[in-house]
Amino acid sequence: MAKPAATYDLMLLLDPAVEDERRQKILGDTRALVAQSGEIVSEHDWGLRPLAYEIRHKGEADYHLLQFHGPADLLQSLEHTLRITDGVTRFRIIKLAPGTPAPPEPRSERAPAEAETAA
């Protein structure tokens with residue numbers, strides 16, 4: 001019996017200072033690279049979020065999560081391409097264990113009025 005293809009998470013943090021067209025091009029190129037030899041399972045745009053610590057003197061990044069199936073050479077190609085691409089603050093590719101639940105929806109920031117009434 002054939003083993004099911006491994007599922008990977010690609011967490012992509014893009015520089016918010018880069019123009020929107022450039023960020024969309026990076027995402028489009030990443031999708032195209034995955035589609036050449038793999039398959040995108042799901043994609044989540046988590047938007048602009050604060051970083052746990054500053055990276056290159058920036059305190060926030062544009063977060064994107066792509067879940068995909070693909071061979072090992074795709075992982076090497078993605079790593080090489082994203083490492084040299086301007087506008088990518090950080091990225092991480094993680095192999096998911098079978099049975100891993102779906103990613104959570106990002107928490108919405110509470111409105112200032114709600115924060116005042118909660119205090």
Restricting the search to segment 17-42, which residues are more than 22 Å from Asp86 (Cβ to Cβ) and charged (D, E, K, R)? Glu39
Any residue in segment 57-70 that is more than 19 Å from Leu96 (Cα to Cα) sitting within a Cβ distance under 6 Å of a residue that is at pLDDT 90 or above and polar (S, T, N, Q)? List the pairs, counting only those 6 or more apart or interchain. Ala61/Thr89
Is it the case that segment 36-56 has a residue that's among the aliphatic types (A, V, I, L, M), touching a helix residue (DSSP H, G or I) at 6+ places or on another chain (Cβ under 8 Å) and closer than 24 Å to Pro104 by Cα? yes
How many residues does segment 49-80 contain that are closer than 15 Å to Leu13 by Cβ and at pLDDT 90 or above? 9
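The values are calculated or read from the model by the stated rules, or taken from the named source; none is laboratory data. Everything numeric here is computed off the predicted structure, so don't read it as measured data. Methodologically, a virtual Cβ is constructed for each residue, glycine included, from the backbone with ideal geometry; neighbour enumeration extends over all protein chains shown.
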